[in-house]
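Step one of this worksheet: look at the structure below.
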Amino acid sequence: VQLQAFGGGLVQAGGSLRLSCAASGRTSSNNGMGWFRQAPGKEREFVATVDWRGSSTHYGDSVRGRFTISRDNAKNTVYLQMNSLKPEDTAVYYCAVALRSAMTPNQSQYRYWGQGTQVTVSS
């Protein structure tokens with residue numbers, strides 16, 4: 001499975017961005033998917049995850065209420081709508097395909113990873 005993430009960019013604090021991650025090569029529609037991020041000098045952290053049907057979601061504490069994860073299995077694509085962005089949201093955002101159909105915040109439960117897209121939030 002190859003994952004291509006896009007939609008990152010530079011935005012002012014309080015603004016919004018929508019990230020997309022398209023999977024190709026092998027369908028990911030039967031697998032949970034997730035978004036993670038890594039800021040400079042910090043470890044990669046969990047952002048959001050969705051189960052294979054898109055019916056269950058889970059968010060990291062720092063983004064809950066501001067970010068929304070969704071998926072379109074017909075397009076093999078997962079999305080991350082980011083609202084009310086803060087400078088501390090600045091990071092490289094990665095999408096990933098889970099080993100199983102369930103959602104999971106555990107990075108070790110993900111098999112395929114995208115290349116990342118940069119999100120920069122200015123104050």
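So which residues in the range 50-90 are open to solvent by less than 50 Å² (accessible area, probe 1.4 Å), in contact (Cβ under 8 Å) with a residue 60 or more places away in the chain and outside any strand (DSSP E or B)? Passing the criteria: only Leu85.
Identify, please: which residue in the range 15-40 is hydroxyl-bearing (Ser, Thr, Tyr) and in a strand (DSSP E or B) and is, among those, surrounded by the fewest Cβ atoms within 10 Å (Cβ to Cβ)? Let's see the steps before the verdict.
Of the range 15-40, the ones hydroxyl-bearing (Ser, Thr, Tyr) are 16, 20, 24, 27-29.
So of that shortlist, the ones also in a strand (DSSP E or B) come out as 20, 24.
Working: Ser20: 17, Ser24: 11.
Filtering first and then ranking leaves Ser24.
The conditions of being without any contact (Cβ under 8 Å) to a residue 12 or more places away in the chain and open to solvent by 10 Å² or more (accessible area, probe 1.4 Å) are met by Glu43.
The values are calculated or read from the model by the stated rules, or taken from the named source; none is laboratory data. Being a predicted model, the structure only gives us computed values, none of them experimental. Positions of Cβ are generated from backbone atoms using ideal geometry, with glycine treated the same way; all protein chains shown enter the neighbour counts. Accessible surface areas use protein heavy atoms only, side chains included; no ligands, DNA or RNA. Shrake-Rupley method; radii C 1.70, N 1.55, O 1.52, S 1.80 Å.
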